[in-house]
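Working notes, structure below.
The values are calculated or read from the model by the stated rules, or taken from the named source; none is laboratory data. Here the structure is a predicted model, which means the values were calculated and not measured. Counting neighbours? That spans all protein chains shown, and the Cβs are built from the backbone with ideal geometry, glycine included. Accessible surface areas use protein heavy atoms only, side chains included; no ligands, DNA or RNA. Shrake-Rupley method; radii C 1.70, N 1.55, O 1.52, S 1.80 Å.
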Amino acid sequence: MAVKICVVGLGYLGSTHAVSMANLGHDVIGIDLDSAKVNLLNAGRVSFYEPGLESSLQESLSRGLVRFQTSFKMAETPDVVFVCVGTPESASHKSADTSHVFSAGESLTNVISRDTVVVGKSTVPVGTAALLRERMSAVAGLPVHLAWNPEFLREGTALEDSLNPDRIVIGSWDDYSSQKLKEVYKPILDRGTPLVEVDVPTAELVKVAANAFLATKVSFINAMAEVAEVSGADAVELAKAIGYDDRIGNKFLRNGIGFGGGCLPKDIRGFVARAEELGVGEAVSFLRDVDAINQRRRAWVVTLAEQELGELKDRKILMLGLSFKPETDDMRDSPALDIALRLARAGAKVTVHDPVALHALGDKHPELIGEQDLSAAAMDQELVILGTEWSEYKSIDPASFGDLVANKLIIDGRNVLDVASWQAAGWRLIALGRNVHN
Ligand code: UGA
């Protein structure tokens, strides 16, 4: 049965969630204070690159299942409100800034009824939900039904992840709220998707714990890469060998220039900050190392460039890829962008190419030379660095690409290039964590 749903906050998470709720047949209103975002969504467009999302949005709009607005005023009281606002890293570069969660909660107190279930989806420090429930109930003058339902979608496969999740986690204080959420997710649950019902603090923690584990896995293999680089071992083969053990698993073990994006880096820092507030900072202090290993990989690429080229001043370097991973134009904390900026700061003339993210660079980084055409970007370069593993880069023909550059030298920051064919075309290829004999 269709549920009347409201989604507050129409960023990556909220717009994907609104579209997937409409996809399940619910009646959805999306709210965001940003009128440009709202107008774009009502016109069937999304402000970021996410495969498949726009077409699904357009279908839901044409079926009249979703609409977007800036005001919290609604003709009918919603049954369920999902809070999907951002929780960015605070200015102190540590804890998550939850102010948008609380201001959304306050605005909602005027429009919800006793029967509405407010559901948090934003990634928050453990304990936020309890405080939100207390404050909302005080302002509304009635006990607010609040539940927590973390989202695990990945950019690039957001809609698919949201409609076909590995699991649904529901944290609630009362049966009524969890029943309502089960009604919302019925089509997904009926397919046999695992449901994990927990208390609210556990639901809040599940999200940060999952991201912390993923970040740790990436930094673990990058730590192995550091050891491999000085001992003549090969971290790619090592990952394959340990990954066959299903207790370890072979996913999220690709070594390279590390993790970025709007979630993993900020979530591990926020987690450390929250644990310290709770007096258990030591329990997660290893996450500082996870962060440090990740940062060291970026610095290592700059060191490699210096080792290969000597003085970086005025040397011509091409960065292939700007987004933090393929299939997105998101450059938040992108390792590729960060390395390009570090090289430019060292005086290099850095050209950047990306199949979709270049537009998002705008005029924010005048020290970088943006080039949309791959062949033009390659012209006369002395060093090429692969920073984002777009499929376009994997299919480059090393022979003809080699004719364009001044120096056939490439650092594969993501370990996706076929070493033998690049070497056969006369390239010196440096693969992170690998012992490839050039
Ligand atoms: C991450 C989580 O994977 C999602 O489950 C979660 O919902 C989301 O954060 C969030 O909190 O919203 P996302 O940021 O889209 O999703 O990106 P990931 O696919 O997790 O990749 C993160 C970074 O790790 C990328 O920069 C990627 O290049 C890097 N990575 C990933 C590696 O360097 N090696 C790997 O083996 C895997």
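Over the chain, give the accessible area per residue in Å² for a 1.4 Å probe, as an integer.
For the chain, the solvent-accessible area averages 43 Å² per residue.
How long are the semi-axes of the ellipsoid equivalent to the chain, from square roots of 5 times the Cα gyration tensor eigenvalues, in whole Å, largest first?
43, 24, 20
Determine the distance separating the Cα centre of the range 244-269 from the Cα centre of the range 18-71; give it in Å without decimals.
About 31 Å separates the Cα centre of the range 244-269 from the one of the range 18-71.
What is the calculated FRET efficiency for A43 to S231, with r their C-beta to C-beta distance and R₀ = 60 Å, to the nearest 0.05?
Here the calculated transfer efficiency is 0.60.
Taking the range 206-256, which chymotrypsin sites (Phe, Trp or Tyr not before Pro) meet the DSSP loop condition and have no more than 11 other C-beta atoms within 10 Å?
For chymotrypsin sites (Phe, Trp or Tyr not before Pro) across the range 206-256 that sit outside H, G, I, E and B with at most 11 neighbouring Cβ atoms in 10 Å, the list reads Y244.
Which entries of K207/K240; K217/K313; K94/K121; K4/K207; K251/K394; K316/K394 have Cα-Cα distances beyond 24 Å here?
Result: K207/K240; K217/K313; K4/K207 exceed 24 Å.
Pick out, in residue order, every one of the GluC sites (Glu not before Pro) in the range 309-380 that is DSSP loop and has at most 15 other C-beta atoms within 10 Å; say none if there are none.
Loop-located and lightly packed - E311, E367.
How many times 2.2 N^0.38 Å is the alpha carbon radius of gyration of the range 95-254?
1.31
Let's test the formula: R0 of 41 Å, r as the Cβ-Cβ distance of Q307 and K251. What FRET efficiency results, to the nearest 0.05?
My answer for the efficiency is 0.80.
Between D175 and A209, how high is the FRET efficiency from 1/(1 + (r/R0)^6) when r is the Cβ-Cβ distance and R₀ = 25 Å? Nearest 0.05.
Efficiency at R0 = 25 Å is approximately 0.50.
What is the percent carbon and sulfur in the accessible area of the range 227-377, measuring with a 1.4 Å probe over the protein chains and ignoring ligands?
For the range 227-377, the apolar C and S fraction of the accessible surface comes to 54 percent.
Using a 1.4 Å probe on the protein heavy atoms, what percent of the accessible area of the range 32-149 belongs to carbon and sulfur?
Accessible surface attributable to carbon and sulfur in the range 32-149 totals 50 percent.
Quantify, in whole percent, the carbon and sulfur part of the accessible surface of the range 385-438 (1.4 Å probe; protein heavy atoms only).
45 percent
Given the C-alpha atoms of the range 283-411, compute the convex hull and give its volume per residue in Å³.
112 Å³
Which is farthest toward the positive dipole end of the chain among A209, G232, G362, measuring Cα position about the Cα centre, with Cβ charges +1 (Lys, Arg) and -1 (Asp, Glu)?
The Cα lying farthest towards the positive end belongs to A209.
Would the range 1-60 count as rounded, prolate or oblate if I go by the C-alpha gyration tensor, calling it rounded below 1.5 in a/c and otherwise prolate when a/b exceeds b/c, oblate otherwise?
Judged from the Cα gyration tensor, the range 1-60 comes out oblate (a/c at least 1.5, b/c at or above a/b).
Dimensions of the range 98-187 along principal axes (Cα, Å, largest first)?
That works out to 40, 27, 22 Å along the principal axes.
Excluding the sites themselves, what is the longest stretch of the chain that contains no trypsin sites (Lys or Arg not before Pro) in a DSSP loop with at most 13 other C-beta atoms within 10 Å?
Longest gap between qualifying sites, sites excluded: 365-438.
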